[in-house]
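K.L.:
Quick one: the structure is below, and I'll ask about it shortly.
The values are calculated or read from the model by the stated rules, or taken from the named source; none is laboratory data. None of the values given here were measured: they were computed from a predicted structure. Cβ coordinates were reconstructed from backbone atoms using ideal geometry, including for glycine residues, and neighbour counts include every protein chain displayed. Keep in mind that these areas ignore ligands, DNA and RNA; they rest on the heavy atoms of the full protein, side chains included. Shrake-Rupley method; radii C 1.70, N 1.55, O 1.52, S 1.80 Å.
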Amino acid sequence: MPFGEQPAYLKVAEDLRQQIADGRLPPHTRLPSQASIRAQYGVSDTVALEARKVLMAEGLVEGRSGSGTYVRERPAPRRISRSGYRTIGECSPFRQEQTDERVRGTWEGKSEQITAPDAVAGRLGIATGDPVMCTRYVFRTGNEPVMMSTSWEPLSVTGRTPVMLPEEGPLAGRGVVERMAAIDIQVDNVAEEVGARPALAAEARVLGGLAGHAVLVITRTYRAGGLPVETADVVIPADRFRIAYHLPVR
């Protein structure tokens with residue numbers, strides 16, 4: 001294959017993807033069989049199979065037991081609104097992640113003390129292996145899981161304080177800003193970076209979909225001045241949601 005030329009299975013997948021996008025293969029339509037793809041594109045069974053695997057990994061098609069492979073119905077994306085951080089008052093982990101007041105939801109969280117991995121330590125400005133409180137959240141609207149979040153707080157900041165456990169104690173279930181204020185730390189800035197990657201198997205089990213389907217990942221860090229007090233990875237299914245930011249003009 002000449003340098004730079006696209007593999008045959010990706011060319012086939014690209015053509016089928018375009019047919020899905022422009023409606024020639026609408027939702028609930030059966031995808032052409034492996035034999036049909038082989039005949040239509042003049043490729044081998046292996047190429048036809050790999051092309052179908054690409055579309056399935058992208059979440060464009062789904063297999064139905066005993067029936068075949070069909071184009072998935074793509075739900076209209078819903079909005080997850082974000083607006084920096086909340087000041088003290090009526091904040092919660094759910095409201096911290098979804099700032100649209102019209103959206104009501106619940107969350108569950110579980111905390112454990114662990115040692116900071118390299119990436120987390122770098123974001124918190126601590127040494128690899130330093131103790132952190134790790135809290136894993138699942139957020140729901142109704143019965144539908146919409147977000148997962150893994151949060152890390154340095155125990156050099158919160159250890160031996162009433163807010164060491166985010167979901168226990170006098171400020172259980174409050175946002176980072178209010179909890180930190182209770183120990184005289186004033187959070188005054190937050191940084192977020194948005195990226196995308198394939199969902200891990202554990203994430204797909206909780207959020208729905210399949211491992212490999214795209215998720216949006218918000219990497220967030222709260223700071224008091226230059227001191228990082230919390231960092232988190234927020235994971236959102238990319239096929240069901242969009243992230244909308246409302247930022248003040250300065």
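K.L.:
Find the centroid of the Cα atoms in segment 118-135 and in segment 44-64, then give the distance between the two in whole Å.
P.N.:
What the calculation gives is 40 Å, centre to centre.
K.L.:
Pop out the ³J(HN,Hα) list for segment 55-71 in order, Karplus 6.51 cos²θ - 1.76 cosθ + 1.60 with θ = phi - 60°, rounded to Hz; leave Gly and Pro as x.
P.N.:
Coupling constants for segment 55-71: 5, 5, 5, 7, x, 7, 9, 9, x, 10, 3, x, 10, x, 10, 10, 5 Hz.
K.L.:
Using a 10 Å cut-off on Cβ atoms, rank the peptides 191-203, 129-141 from the highest mean neighbour count down. Present the calculation step by step, with values, prior to reporting the outcome.
P.N.:
Values: 191-203: 13.5, 129-141: 17.9.
Ranking the peptides 191-203, 129-141 by packing returns 129-141, 191-203.
K.L.:
Using the Karplus equation 6.51 cos²θ - 1.76 cosθ + 1.60 (θ = phi - 60°), what ³J(HN,Hα) coupling, rounded to whole Hz, does each residue of segment 150-155 give in order, writing x for Gly and Pro?
P.N.:
10, 10, 10, 10, x, 6
K.L.:
With only alpha-carbon pairs counted, each pair once and no self-pairs, how large is the Kirkwood hydrodynamic radius of segment 82-226 in angstroms? Mind dumping the intermediate values first?
P.N.:
On the way: mean 1/r = 0.0621 Å⁻¹.
About 16.1 Å for segment 82-226.
K.L.:
For segment 14-84, count all C-alpha to C-alpha pairs, find those more than 18 Å apart, and express that count as a whole percent of the total.
P.N.:
Numbers: 1048 of 2485 pairs.
That tail contains 42 percent of the Cα-Cα pairs.
K.L.:
If you wrap a convex hull around the C-alpha atoms of segment 1-49 and split its volume per residue, what is the figure in Å³? Please list the in-between numbers first.
P.N.:
Values: hull volume 3.7 nm³, N = 49.
Convex hull of Cα atoms, per residue: 75 Å³.
K.L.:
With N residues in segment 127-177, what two-decimal value do you get for its Cα radius of gyration over 2.2 N^0.38 Å? Don't skip to the answer; put the middle values down first.
P.N.:
Values: Rg = 12.9 Å, N = 51, 2.2 N^0.38 = 9.8 Å.
That works out to 1.31 for segment 127-177.
K.L.:
Further question on the same structure: Give the span of segment 155-250's Cα atoms along each principal axis, as three whole-Å numbers ordered largest to smallest.
P.N.:
Computed over segment 155-250, the largest-to-smallest principal extents equal 43, 36, 19 Å.
K.L.:
What area, in nm² and to one decimal, does the C-alpha convex hull of segment 39-158 cast on average over all directions?
P.N.:
On the way: hull surface 51.9 nm².
Dividing the Cα hull surface by four gives the mean projection, 13.0 nm².
K.L.:
Semi-axes of the equivalent ellipsoid for the chain, please: Cα gyration tensor eigenvalues, times 5, square-rooted, ordered largest first, whole Å.
P.N.:
Equivalent ellipsoid of the chain: 43, 19, 16 Å, largest first.
K.L.:
Given a Förster distance of 35 angstrom, what is the FRET efficiency for ASN143 paired with ARG24, based on the Cβ-Cβ distance and rounded to 0.05? Mind dumping the intermediate values first?
P.N.:
Working: r = 35 Å, r/R0 = 1.00.
Working from the Cβ atoms, E equals 0.50.
K.L.:
Return the long-range amide H neighbours of ALA214 (sequence gap of 5 or more, or a different chain), with a cut-off of under 5 Å between placed amide H atoms.
P.N.:
ALA199
K.L.:
Now, a different point. Return a whole-number percent for the relative contact order of the chain, with Cα pairs under 8 Å and 6 or more residues apart as the contact set. Present the calculation step by step, with values, prior to reporting the outcome.
P.N.:
Working: 453 pairs, mean separation 44.8, N = 250.
Value for the chain: 18 percent.
K.L.:
Sticking with the crude label model, points 7 Å out along Cα→Cβ, report the distance from THR115 to ASN189 in nm, one decimal please.
P.N.:
The modelled label-to-label distance comes out at 3.2 nm.
K.L.:
Gap in Å between the Cα centre of segment 140-158 and the Cα centre of segment 190-214?
P.N.:
14 Å
K.L.:
What list of ³J(HN,Hα) values in whole Hz, one per residue of segment 223-236 in order, does the Karplus curve 6.51 cos²θ - 1.76 cosθ + 1.60 (θ = phi - 60°) give from phi, with Gly and Pro shown as x?
P.N.:
9, 10, x, x, 9, x, 10, 6, 9, 8, 10, 9, 10, 10
K.L.:
Given points 7 Å out from each Cα along the Cα-Cβ axis, report the GLU108 to HIS246 separation in nanometres with one decimal.
P.N.:
So the label points at GLU108 and HIS246 sit 3.0 nm apart.
K.L.:
Next question. If amide hydrogens are placed 1.01 Å from N in the peptide plane, which non-local residues have theirs closer than 5 Å to the one on ASP100?
P.N.:
SER81
K.L.:
Now for a different question. Ignoring ligands, DNA and RNA, what accessible area per residue does segment 176-232 give at 1.4 Å, in Å²?
P.N.:
Numbers: 2480 Å² over 57 residues.
Here the residues of segment 176-232 average 43 Å² of exposed surface.
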